[in-house]
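Data first, discussion second: the structure below is written as structure tokens.
Read the figures in this text as sums done on the coordinates, not as results from a lab. Model, not experiment: these values are computed from the prediction. Cβ placement follows ideal geometry from the backbone for every residue including glycine, while neighbour counts extend to all protein chains displayed.
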């Protein structure tokens, strides 16, 4: 019998829950067996002093709350990397939705790396691959925000996404010259020179 639908239904449910995850002013009821089965971070956290604690509350810090909620939902079998899930759980302005969604995927990738949820990074990379076209033709503001997020804000944790951004950039008509044609592009290169190096390396220069 496939128990996946039943696990999905348990997401956020207090029934049978044996741990509370608290983060960014919110909390969610969870189940140690589900979290431990998907994350070696949580598997380790539930041992030792936590195992003996009378209050089963785990405080999580310094994470993007939407991405962390998505990561937890993903461990319960929800497609929390999808644009539909993002729309249902955020209030992004329509004009900025693609940019915010891409940043959410970066944050989801970073959270997955931190909490050692092995299935999530591949899901994020696969999802980004489906958006190569829209990303390649995206506005400068979207590119600036995404590149800064990957190369500066999460320079180490999101390093695995760099090749993705470069591959998308190479699909732009101005992929090579676009790095030097505008003041905004030049400012971005000055701020994130590693991106320019990665692009030029991809060109074999």
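Could you go through the stretch 66-84 and let me know if any residue there is more than 19 Å from residue 121 (Cα to Cα) and not in a strand (DSSP E or B). For the stretch 66-84, residues more than 19 Å from residue 121 (Cα to Cα) and not in a strand (DSSP E or B): absent. How about the stretch 13-57: which of its residues are closer than 17 Å to residue 74 by Cβ and part of a loop (DSSP other than H, G, I, E, B)? Once the filter is applied, which keeps residues that are closer than 17 Å to residue 74 by Cβ and part of a loop (DSSP other than H, G, I, E, B), the stretch 13-57 yields 13, 31, 39. Go through the residues of the stretch 71-94 one by one and say whether even a single one is within 16 Å of residue 145 (Cα to Cα), surrounded by fewer than 21 Cβ atoms within 10 Å (Cβ to Cβ) and out of contact with any strand residue (DSSP E or B) (no Cβ under 7 Å at 6 or more places or on another chain). Yes - at least one qualifying residue is present in the stretch 71-94. Please go through the stretch 96-114 and pick out each residue that is under 16 Å from residue 159 (Cα atoms) and over 11 Å from the mean Cα position of the chain (by Cα). Across the stretch 96-114, there are no qualifying residues. The residues of the stretch 136-145 that are surrounded by fewer than 21 Cβ atoms within 10 Å (Cβ to Cβ) and within 19 Å of residue 192 (Cα to Cα), listed by number, are 136, 138, 139, 140, 141, 142, 144, 145. Does the stretch 97-133 hold any residues that are surrounded by fewer than 17 Cβ atoms within 10 Å (Cβ to Cβ), farther than 19 Å from residue 34 by Cα and touching a helix residue (DSSP H, G or I) at 6+ places or on another chain (Cβ under 6 Å), and which are they? Listed by number, the list holds a single entry, 132.
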